[in-house]
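Before any comments, here is the structure.
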Amino acid sequence: MRVTYAVLAMHPLSDDDRSYTRTQLEAHGATLSYKPLRINHGSVNRAEYQCDPYSRVLDYPDYRCLAFKYSPTLDALVGKVELVKDSLIDMQVQQGEIRFVSCENFRHGDSLEFRALTLLRKNRTPRDRAAVIIPESRREVLQSCI
């Protein structure tokens, strides 16, 4: 059995290292749809995730992104993820151990392709502090925008 969570994944950002414009999120945000989920950041190489005991790729399709799109109402990339119900990951989301998310992407000039969504344990902080996974108790926050 699976459970679905709403996600506020990314807002337009600009800083010294990277920028993500509304135009890019509108045009390429859907590339996050049906991609894998990860815990904490690490390399694409599974073996390199072993360095941090909490960093890993979650089993696909048991843990995955569903449809994502840019929402002009929230000025953010929004969507849903699917997790195995009552799993350790599900419980960590419910308890606030996992709260933030971060998008992993690949860029070619103005083009942007999302490769995965990373669920961040509370020992990790994303650049976009408003990028969160929404526990069931607060699900109504995004329902009308997804």
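What follows is calculated from the coordinates using simple rules that are stated; it is not laboratory data. These numbers were taken from a predicted model, which means no experiment stands behind them. Cβ coordinates were reconstructed from backbone atoms using ideal geometry, including for glycine residues, and neighbour counts include every protein chain displayed.
Brief remarks on what is shown
- Available extension along the chain between E26 and A130 is 35.6 nm, counting 0.36 nm per residue and deducting the alpha carbon span.
- Neighbourhood charge, 11 Å Cβ-Cβ cut-off, centred on L25 and excluding it, Lys, Arg +1 and Asp, Glu -1: 0
- Taking other C-beta atoms within 10 angstrom as a stand-in for reagent exposure, L25, L88, L112, L83 fall in the order L88, L112, L83, L25, fewest first.
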